[in-house]
Every structure is written in C-alpha cells, then in structure tokens.
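S.K.: Submitted below is the structure of interest, expressed as structure tokens.
The values are calculated or read from the model by the stated rules, or taken from the named source; none is laboratory data. Bear in mind the structure is a predicted one, so any value in this text is a computation, not a measurement. So basically every Cβ, Gly included, is an ideal-geometry build from the backbone, and we count neighbours across all protein chains shown.
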Amino acid sequence: MDFKNIFYKVLDFVTHYSKLTYEFLFVDEKGEQSTVEEVEERAEIPEAYLQRFRLHPLQDAKQLEGRDEEIAMMQRAYENWKITRSPLLIVGEFGAGMTSLLNASSAIYPHACILENKTNISNSQELVEELKKGLRYPEARTLKDLETLPKQDNEQVIIFENIERLFLRKIHGFHLLEDFLLLIHATKKDIFWVATINQYSYYYLNQVIGFGANFLSVIRLQPINNQLIEGVIQERNKGYECVFLKPGTSSGTLNQQLKNSDAFAKQQLLREDFFNKLHVFAGGNISQAMLFWKRSVAYVKEKRVYVKAYEPKPIGQLTLEELFVLEAILQHTSLSNSELYSILRNSNKGSKLILEKLMENNLLYAKTYEGSFEPEYQINLLHLNAVKAQIHGRLNRNIK
Amino acid sequence: MNPFFMKIFYRILFFYNKKNIDNQYGNLHFVNRNIIFLLLFTCCTFQVSGQIEPTNSLTDSMKNKSEEVAKDSAAIAEQAIKEDNKEEEKEEEKPVEQVPGEVRENLNDALDKATKIISPAKILTIIIASLFVWLTTKGTNWMYRSLADSFNRHRLRILRLQPITNVILWIITIYVLVLTLFNPTPETLWALMGSSALALGFAAQDIVKNIFGGLLIIFDRPFQVGDRIDINGNYGEVVRIGIRNTDINTLDDSIVTIPNSKIISEHISNANSGALDCMVVVDLWLPIGIDVERVRKIAFEAAITSRYLNIDKAVSVLFFDHFDNQSATNVKIKAYVLDARYEKSFAGDVTEAAKKALSEAGVYQAVR
C-alpha cells in the first residue's frame with residue numbers, strides 16, 4: 001500500500017467520523033424523518049429474474065452450502081441420543097436457513113417427520129392434532145395419551161420446528177410449552193426429538209424459565225462464510241452478466257482508485273466494494289444477502305444485470321412502545337394483533353395503532369396464513385439489524 | 001486581528017451558514033445557534049481587548065498596563081497631597097510640621113499596589129473568562145445529556161463525568177486567572193489563605209461546608225448522576241451534582257435541591273449504585289389462607305411477562321404472614337427493572353397483571 005492510499009484512507013476515516021459527529025450534534029433526526037417523504041421507485045425487473053432470488057427453503061441436501069459443520073453436529077447428536085436419550089435443540093437467526101438445514105437432515109434421519117409450525121399454537125388440542133400426524137397415533141386425544149405411545153418398529157425422529165410457537169408471553173402462557181417439554185422427556189427413550197427455536201425466543205425463555213436445560217445438545221447456527229454467499233449469488237445469476245454501478249455514496253479512496261483505473265479494473269473495484277457492503281449488511285445471513293441483492297438490482301437489460309449497492313434508510317429513533325412491540329414479535333417470530341395486546345397488556349386498539357405505524361415505516365409486514373383469521377405480523381428482514389441495535393441499546397437486552 | 005482567530009472566526013461563520021443552507025427545515029437548535037454566537041462574541045471581545053496572546057506576553061502586557069495606571073495614580077495622589085499641604089499652610093499661617101517622607105512613600109506604595117491588583121482590565125478579563133467557562137460547562141452538560149440519550153446503555157457512565165468535568169474546568173480557570181493576572185508570591189498566598197479562612201470561618205461557613213461537601217460527593221462518589229437515592233425521605237433520580245447543592249428528581253417529577261453539607265451528614269440509600277437497572281419490590285396483600293403454589297406461579301409469571309423486566313436477572317417471590325390488625329399474607333415479588341427510570345411503570349404493570357390474574361383465579365373471593 002503506497003503513501004497516497006494511506007492518506008486517502010485516513011482522509012476517509014476522518015471525513016466519515018466528522019460527518020457522524022456533525023450529524024449527531026446538529027441534525028434533528030425527528031425533523032428530517034417527518035418532513036422527508038421519498039417515494040421508492042423500482043425499475044422494471046423481469047419476474048423470471050426475481051424468481052431466482054425468492055426466499056424459500058431448499059428441499060435438496062445437495063443444494064445446501066456452508067452447513068457441513070451443523071450437519072455433522074446433528075449426526076453426532078443423533079449418535080449420542082442412542083446412548084443418552086437426550087433431545088436436540090437448534091437455535092438460529094431469522095432467515096439463517098433453518099428449514100433448509102432441516103430438509104437437508106433427511107440424509108441423516110431418513111425416517112424423520114418434520115412438523116412445521118407457521119402460526120402460534122394456543123391450546124393443547126391444537127398441539128395434539130399437530131403431533132398425531134408426526135407420531136402416527138390417530139387415537140390420541142390428549143398429551144397424556146401421546147406419552148403412552150405404543151412402541152414403533154423403527155427409531156422415530158420427530159423434528160418440531162419453531163418450538164417458540166408454543167408459548168405466549170403472558171400469565172398462563174407457558175403451560176403448553178411446559179406440557180410439551182414434559183412429553184418430550186416422557187417419550188425421549190423411543191423418540192429422537194429435534195426442536196428448533198429462534199435466537200430471541202431462546203434468549204428470553206432461557207433466562208426466565210431455564211428452557212435450555214431441557215436439552216443436552218444445543219446447536220447454534222453460525223453465520224455463513226462470505227465466499228459461499230458470493231458463490232450462491234453467482235450461481236443464481238447464471239446466464240446473466242453483472243455490471244456493477246458506482247454506489248450512491250462512495251468513499252474518497254474508491255473515487256480516487258476509479259479515476260486511475262481502466263474499465264475492467266473499475267468493475268473489479270466496484271464488485272469488491274459492493275460485496276463488502278453486502279457482507280456488512282447480511283452478516284452471514286443468507287436471506288438478508290438475497291434481499292440485499294434484490295434491492296440492489298437497478299435494471300436488467302438483455303441478459304445484463306445492472307447492480308447498484310442498496311443503501312438502507314435509517315429507521316430513526318423508535319418510541320419505547322414501538323420497541324416493546326418489535327421485541328415481542330421477535331420473541332414469538334410472528335404475532336397477530338390479538339396476541340400482541342394480550343402480551344403487552346394494553347388495549348386492542350392501542351396495539352393495532354402501533355402495528356399500523358410500524359407497517360407504514362416498513363419495519364413489519366403482515367401475512368395471513370391458511371386457516372387463520374387474523375394476519376400475522378413479522379419483522380422485515382431488511383431492518384432487522386437496525387431494530388436489534390435499538391433493542392440492544394435502549395432496552396438493554398443482550399442480543400447482538 | 002490575530003490570523004489564527006480570524007481563521008476560527010471564518011470557519012465558524014462558514015459552518016453556521018452552510019448548516020443554514022443545508023438545513024431547509026431549520027433544524028439547527030436554538031441553543032446551538034446561541035452557543036456559536038456567544039463563542040464568536042467572546043472571541044471578538046478577547047481580540048478587541050487584546051487579551052488573547054501567549055501567556056507570557058499576556059502577563060507582560062498586563063504588567064505594563066498596570067504599571068502605567070499605577071504611575072499615573074501615584075502622580076495624581078502626590079499632587080493632591082502637595083496641594084492639600086499648601087492649603088493647610090495658607091489657612092493656618094503657622095509653622096507646620098512636614099509630613100515625613102517615609103509616610104508619603106508608604107502611601108504611594110499602598111496606592112501603587114492597590115491599583116496594580118485591581119484594574120478595570122483585570123476585572124473585565126475575569127468576567128469574560130468566567131462567562132466563557134460557564135458557557136463551556138453548559139455546553140459540556142448539554143453534550144453529555146445528548147450522548148446519554150443516544151447511548152442509553154451507557155447513560156450512567158457518561159453522566160457521571162459531568163460533575164467532574166465542571167469542577168476540573170472551574171479549578172483550572174481559577175488557577176490560570178490567579179497566576180496570570182495576580183501572580184502572587186508564596187507569602188501573599190499564605191497571608192490571603194489565612195485571612196480568607198478566618199473571614200470565611202465567620203461569615204460564609206455554610207457555603208464552604210457545601211462546597212467541601214460537593215467535592216466530597218464528586219470524588220468519594222457515594223452516589224452519581226443517574227442513581228436513584230433516598231435522602232431524608234426524598235427518593236428520586238440524581239439529576240445534578242453541583243458544587244453547593246444536589247438536585248433530585250422525585251417520583252412525582254419535582255426537583256428537590258439538597259445542600260451538599262446536609263447530604264454528607266445524612267444516611268443515603270442508593271437503589272442502583274451506578275447500574276442501569278435496579279431491584280423493584282412489588283407488594284401484594286392477599287388473604288391468609290391462599291393456595292401458595294398457585295399464587296406463586298401467577299406472581300412469578302406476572303413479573304417474567306412484564307415488558308419492563310430485566311430478563312438477565314432472577315425473579316423471586318416471597319410470602320410473609322401478618323397477624324397485626326387483620327391477618328393477611330404479604331406476597332413480595334422481587335425483580336429487576338430494565339432501566340431504573342421505569343421503576344414505577346414496572347411495579348404498576350406487575351401489580352395490575354397479578355391482581356387481574358389472581359382475581360380470575362378466584363383468590364380474592366376468599367376475602368368476602
């Protein structure tokens with residue numbers, strides 16, 4: 001690195017932090033937020049291209065990349081279960097590829113039954129109905145019946161996805177989870193139970209009721225390697241040529257380097273800068289990386305994709321009540337309005353108003369699942385990092 | 001004008017104008033604007049009065065000016081004495097004893113010294129320097145508060161620097177002013193300290209007590225800004241530790257100002273001792289014959305489901321039976337609130353939820 005580069009790097013650093021200090025001291029955030037209305041315009045991008053980046057769990061173990069260690073740990077936990085008879089818990093971040101990992105685990109557990117829970121289970125009857133499918137015991141009517149399950153010929157593996165769906169953070173809201181844990185302990189001799197949970201629910205439940213103590217083996221999904229993420233993106237862009245455009249805000253170093261480079265070197269520099277930004281944003285989360293790419297695609301023209309790094313808008317300072325709502329949703333993966341107001345112990349209208357405001361700010365999105373009457377509100381992955389940072393800083397929660 | 005200060009002046013002016021152009025919604029705080037203008041004003045005043053010079057030249061110029069003033073004053077005084085003497089000679093028309101030369105010299109010396117010690121330029125310098133330091137302390141306090149708001153997690157660590165900075169700023173200012181303007185000899189200093197101690201001992205002992213109390217609080221730190229303390233029945237958050245008084249914001253949002261001398265002689269109960277969270281004890285009064293297991297579960301869940309709970313610390317539920325006037329069971333829920341500022345919100349939330357659930361469970365019906 002020559003002296004000139006070092007000089008520009010130092011200049012960048014000083015400019016960046018001076019700007020931050022200046023903004024911190026003199027810019028009134030609220031004023032800017034309330035007055036600046038920007039309409040987001042999406043250029044025409046072919047649906048066929050966008051389909052390539054649709055967020056959906058992988059079905060095939062061969063397609064799964066970067067999870068070899070976790071698969072090996074699952075294999076080891078299964079071997080251990082044969083001796084210790086202890087269940088397995090997998091903890092992961094939203095969008096980290098938990099379902100894809102479970103689908104891929106069919107290579108280890110060929111007889112496994114995956115029970116996917118998309119909405120909250122509010123009573124034991126619903127839970128029994130769900131478990132009856134997996135345990136192949138249609139006569140069961142209560143959880144007690146399931147405890148006295150007749151022994152099967154094969155070793156049974158039940159994967160219970162999103163165990164946090166069994167609790168609601170309210171008085172008497174933990175009964176179902178406790179009953180399910182009792183069922184796991186009662187049947188663990190014959191069934192290898194694998195449960196999954198999101199990391200925020202795990203943190204909460206572990207602190208307040210010592211949830212983790214019920215599982216001897218706990219696997220935490222690690223962030224995916226940056227090279228692998230780049231590889232996945234390249235794979236999905238097969239047949240297209242990517243052209244990287246100059247980002248909206250670029251550092252002095254980059255500008256200087258671009259000035260002195262030819263077209264090929266420019267593309268290399270822009271590509272490197274783009275992926276640096278993508279990795280900072282995604283932090284090893286494959287879904288967030290895909291979203292970043294989708295948001296960065298400026299336009300597609302004759303098998304050429306023009307990409308300009310997405311710049312997330314600041315979410316501003318959230319109110320205490322908004323943070324409480326977002327925290328509750330993180331702890332439960334998704335919540336309906338009626339569930340939310342029973343958790344926060346405020347009025348139905350009050351929680352609805354906060355939800356509407358958060359929806360307007362694009363921090364949440366609503367999804368209505370089959371068979372449910374109310375929409376479920378989930379955190380928008382694009383703003384997950386910013387929301388987490390505020391919950392960490394303002395509510396003093398040890399989540400990072 | 002000194003080129004260095006010219007530069008500063010233009011930089012500030014440029015910065016301020018740019019801000020106004022950039023900020024089409026006029027977001028620049030009123031306070032910020034005032035601070036910039038006052039800084040400019042102070043700079044200009046210093047510049048005009050020629051006070052901003054390196055320390056040595058400052059002292060020299062001050063000395064020269066003081067000497068000139070002293071010489072003039074001495075000459076005037078001598079002239080006045082001579083005229084008085086002449087008049088007396090004329091009026092009395094009798095031989096008059098001459099004023100001894102020593103007395104005259106002593107008088108002149110005294111006048112010289114007095115004019116050297118107190119001159120308008122020195123007074124002006126002291127006023128401007130004090131104003132500048134006062135504004136600086138206000139500015140640093142505002143900066144600390146803004147930082148504390150932005151980095152809530154480190155709020156108390158930031159706020160505890162506030163009184164220390166203020167005291168250090170004032171000590172440095174007084175030290176620099178005394179050295180540069182008066183340049184006292186060690187003898188003068190000792191004499192001054194002795195006489196001041198005597199005077200203060202009689203006249204201003206309460207103020208001195210408060211100041212020493214303030215220094216003791218700042219450096220011994222029995223509590224810090226942001227702590228929740230109880231002094232003599234006044235419970236609330238410490239919002240300011242001053243040199244003379246300490247301000248506490250009570251739970252009904254009134255500011256109680258307590259002299260520091262009182263604080264150091266009282267028992268102080270500190271709820272959080274520099275930590276962001278604090279323990280909250282919620283009392284529930286229930287009939288004596290309650291189902292303890294069921295009540296424990298409800299009380300525990302009321303605490304762990306509260307949004308204000310610090311989930312990193314344990315929750316405990318205790319039972320105490322009372323048989324004084326009417327027998328009752330006192331249920332104490334002990335838990336930590338995520339931020340001491342939400343202490344009452346937490347207590348209210350837990351009480352409300354527990355009461356509702358206990359009522360639904362039929363626990364209160366046993367009283368009827």
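S.K.: Could you grab me the full set of residues in the range A:269-326 that are β-branched (V, I, T) and more than 23 Å from A:E360 (Cα to Cα)? Even if it seems obvious, please write down each step before you answer.
M.R.: Kept after step one, since they are β-branched (V, I, T), are these residues of the range A:269-326: A:280, A:286, A:297, A:300, A:305, A:307, A:315, A:319, A:325.
Hits for the range A:269-326 are A:V280, A:I286, A:V297, A:V300, A:V305, A:V307.
S.K.: Please indicate, with yes or no, whether at least one residue in the range A:76-92 is modelled with pLDDT under 90 and either within 14 Å of chain B (Cβ to nearest Cβ) or under 30 Å from A:I315 (Cβ atoms) (or both).
M.R.: No, the range A:76-92 contains no residue that is modelled with pLDDT under 90 and either within 14 Å of chain B (Cβ to nearest Cβ) or under 30 Å from A:I315 (Cβ atoms) (or both).
S.K.: Among the strands (runs of 3 or more DSSP E) confined wholly to the range A:74-190, which include 1 or more residues that are small (G, A, S) and over 25 Å from the mean Cα position of the chain (by Cα)?
M.R.: On the way: elements: A:88-92, A:113-115, A:156-160.
Qualifying strands (runs of 3 or more DSSP E): none found.
S.K.: Also: Being without any contact (Cβ under 8 Å) to a residue 60 or more places away in the chain, within 14 Å of another protein chain (Cβ to nearest Cβ) and touching a helix residue (DSSP H, G or I) at 6+ places or on another chain (Cβ under 8 Å): is that true of A:L181 here? So that I can check it myself, show each step before the final result.
M.R.: Working: without any contact (Cβ under 8 Å) to a residue 60 or more places away in the chain: yes; within 14 Å of another protein chain (Cβ to nearest Cβ): no; touching a helix residue (DSSP H, G or I) at 6+ places or on another chain (Cβ under 8 Å): yes.
So A:L181 fails the test.
S.K.: Okay, next question. Pairs please, first residue from the range A:291-309 and among the small types (G, A, S), second anywhere and modelled with pLDDT of 90 or more and part of a strand (DSSP E or B), Cβ atoms under 8 Å, 6+ apart in sequence or on different chains.
M.R.: A:S296/A:V307; A:A298/A:Y306; A:A298/A:V307
S.K.: Looking at (1) surrounded by fewer than 16 Cβ atoms within 10 Å (Cβ to Cβ); (2) touching a helix residue (DSSP H, G or I) at 6+ places or on another chain (Cβ under 9 Å); (3) part of a helix (DSSP H, G or I), which is the only condition A:P223 fails?
M.R.: (3)
S.K.: Is it the case that the range A:282-291 has a residue that's within 12 Å of another protein chain (Cβ to nearest Cβ) and in a loop (DSSP other than H, G, I, E, B)? Working first, answer last.
M.R.: First pass over the range A:282-291, keeping only residues within 12 Å of another protein chain (Cβ to nearest Cβ): none.
For the range A:282-291, residues within 12 Å of another protein chain (Cβ to nearest Cβ) and in a loop (DSSP other than H, G, I, E, B): absent.
S.K.: Further question on the same structure: Just give me the residues in the range B:282-321 being in contact (Cβ under 8 Å) with a residue 60 or more places away in the chain, touching a helix residue (DSSP H, G or I) at 6+ places or on another chain (Cβ under 6 Å) and of a type in the set (V, I, T), in sequence order.
M.R.: Of everything in the range B:282-321, those that are in contact (Cβ under 8 Å) with a residue 60 or more places away in the chain, touching a helix residue (DSSP H, G or I) at 6+ places or on another chain (Cβ under 6 Å) and of a type in the set (V, I, T) turn out to be B:V282, B:I298.
S.K.: Now a separate question. Mind telling me which of the residues B:I168, B:I211, B:I218 ends up being under 21 Å from the mean Cα position of the chain (by Cα), farther than 30 Å from A:G393 by Cβ, part of a helix (DSSP H, G or I) and not assigned by TED's automatic domain parsing to the domain that holds B:L338? Walk me through it before giving the result.
M.R.: On the way: B:I168 fails: farther than 30 Å from A:G393 by Cβ; B:I218 fails: farther than 30 Å from A:G393 by Cβ.
Of the residues listed, the single one that is under 21 Å from the mean Cα position of the chain (by Cα), farther than 30 Å from A:G393 by Cβ, part of a helix (DSSP H, G or I) and not assigned by TED's automatic domain parsing to the domain that holds B:L338 is B:I211.
S.K.: Out of (1) over 24 Å from A:G97 (Cβ atoms); (2) away from every other protein chain (no Cβ under 14 Å); (3) of a type outside the set (F, W, Y), the odd one out for A:S351 is which?
M.R.: Unmet condition: (2).
S.K.: Would you check which residues across the range A:191-227 are away from every other protein chain (no Cβ under 14 Å) and over 18 Å from the mean Cα position of the chain (by Cα) and list them?
M.R.: A:I191, A:F192, A:W193, A:V194, A:A213, A:N214, A:F215, A:L216, A:S217, A:V218, A:Q227
S.K.: Yes or no: B:T329 under 16 Å from B:L284 (Cβ atoms), at pLDDT 95 or above and of a type in the set (S, T, Y)?
M.R.: Numbers: under 16 Å from B:L284 (Cβ atoms): yes; at pLDDT 95 or above: no; of a type in the set (S, T, Y): yes.
Spelling it out, it is not the case that B:T329 is under 16 Å from B:L284 (Cβ atoms), at pLDDT 95 or above and of a type in the set (S, T, Y).
S.K.: Just a yes or no: is a residue in the range B:294-316 surrounded by 13 or more Cβ atoms within 10 Å (Cβ to Cβ), among the basic types (K, R), under 35 Å from the mean Cα position of the chain (by Cα) and at the interface with chain A (Cβ under 9 Å from one of its Cβ atoms)?
M.R.: Checking the range B:294-316: at least one residue is surrounded by 13 or more Cβ atoms within 10 Å (Cβ to Cβ), among the basic types (K, R), under 35 Å from the mean Cα position of the chain (by Cα) and at the interface with chain A (Cβ under 9 Å from one of its Cβ atoms).
S.K.: Sticking with this one: Would you be able to tell me the number of residues in the range B:338-362 that are closer than 18 Å to A:R169 by Cα, in contact with a strand residue (DSSP E or B) (Cβ under 6 Å, 6 or more places away or on another chain) and acidic (D, E)?
M.R.: So the count comes out to 0.
S.K.: Okay, moving on. Under 6 Å between Cβ atoms, at least 6 apart or on separate chains: pull out the pairs that start in the range A:64-77 with a residue that is buried (at least 18 other Cβ atoms within 10 Å of the Cβ) and end on any residue that is assigned to a loop (DSSP other than H, G, I, E, B).
M.R.: Listed by first residue and then by second, the contacts come to A:L64/A:L58; A:G66/A:I224; A:G66/A:N225; A:M74/A:I108.
S.K.: Now, a different point. On the given criteria, is A:T99 buried (at least 16 other Cβ atoms within 10 Å of the Cβ) and of a type in the set (S, T, Y)? So that I can check it myself, show each step before the final result.
M.R.: On the way: buried (at least 16 other Cβ atoms within 10 Å of the Cβ): yes; of a type in the set (S, T, Y): yes.
Yes, satisfied.
S.K.: Let me ask something additional. Could you list, in sequence order, the residues of the range B:169-210 that are under 20 Å from B:T137 (Cβ atoms) and surrounded by 12 or more Cβ atoms within 10 Å (Cβ to Cβ)? So that I can check it myself, show each step before the final result.
M.R.: At the first step, the residues of the range B:169-210 found to be under 20 Å from B:T137 (Cβ atoms) are B:169-178, B:207, B:210.
Passing the criteria: B:L169, B:W170, B:T173, B:I174, B:V176, B:L177, B:V178, B:I207, B:N210.
S.K.: Among the residues of the range A:151-161, are any surrounded by 14 or more Cβ atoms within 10 Å (Cβ to Cβ) and free of Cβ contacts under 8 Å to residues at least 24 places away in the same chain?
M.R.: No, the conditions are met nowhere in the range A:151-161.
S.K.: Okay, moving on. Restricting attention to the range B:324-368, report how many residues are hydroxyl-bearing (S, T, Y) and within 14 Å of chain A (Cβ to nearest Cβ).
M.R.: First, pick out the residues of the range B:324-368 that are hydroxyl-bearing (S, T, Y): B:327, B:329, B:336, B:342, B:345, B:351, B:359, B:364.
Adding the requirement that they be within 14 Å of chain A (Cβ to nearest Cβ) leaves B:336, B:342, B:345, B:351, B:359.
Qualifying residue count, the range B:324-368: 5.
S.K.: A:T333: among the polar types (S, T, N, Q) and surrounded by fewer than 21 Cβ atoms within 10 Å (Cβ to Cβ), yes or no?
M.R.: No.
S.K.: Keeping to the range B:164-180, report how many residues are free of Cβ contacts under 8 Å to residues at least 24 places away in the same chain and of a type in the set (F, W, Y).
M.R.: So the count comes out to 1.
S.K.: If you don't mind, there's one more thing I want to ask. From B:D247, B:D227, which residue is among the charged types (D, E, K, R) and in contact (Cβ under 8 Å) with a residue 12 or more places away in the chain?
M.R.: Numbers: B:D247 fails: in contact (Cβ under 8 Å) with a residue 12 or more places away in the chain.
On inspection, the qualifying residue turns out to be B:D227.
S.K.: Filter the range B:245-273 down to residues that are more than 14 Å from chain A (Cβ to nearest Cβ) and in contact with a helix residue (DSSP H, G or I) (Cβ under 7 Å, 6 or more places away or on another chain), then give me how many there are.
M.R.: Here is the first cut: in the range B:245-273, the ones more than 14 Å from chain A (Cβ to nearest Cβ) are B:245-271, B:273.
Keeping just the survivors that are in contact with a helix residue (DSSP H, G or I) (Cβ under 7 Å, 6 or more places away or on another chain) gives B:245-246, B:251, B:259-261, B:263-264, B:271.
Number satisfying all stated conditions: 9.
S.K.: Among the strands (runs of 3 or more DSSP E) confined wholly to the range B:226-336, which include 1 or more residues that are over 30 Å from B:G213 (Cβ atoms)? Please lay out each step first, then the result.
M.R.: On the way: elements: B:228-231, B:234-241, B:245-250, B:255-259, B:268-270, B:278-286, B:316-322.
Counting at least 1 such residues, we get B:278-286, B:316-322.
S.K.: Counting only residues that are basic (K, R) and modelled with pLDDT of 85 or more, which one in the range B:125-154 is farthest from A:I391 (Cα to Cα)? I'd like the intermediate steps shown before the answer.
M.R.: We begin by selecting, within the range B:125-154, every residue basic (K, R); these are B:138, B:145, B:153.
So of that shortlist, the ones also modelled with pLDDT of 85 or more come out as B:138, B:145.
On the way: B:K138: 31, B:R145: 20 Å.
Filtering first and then ranking leaves B:K138.
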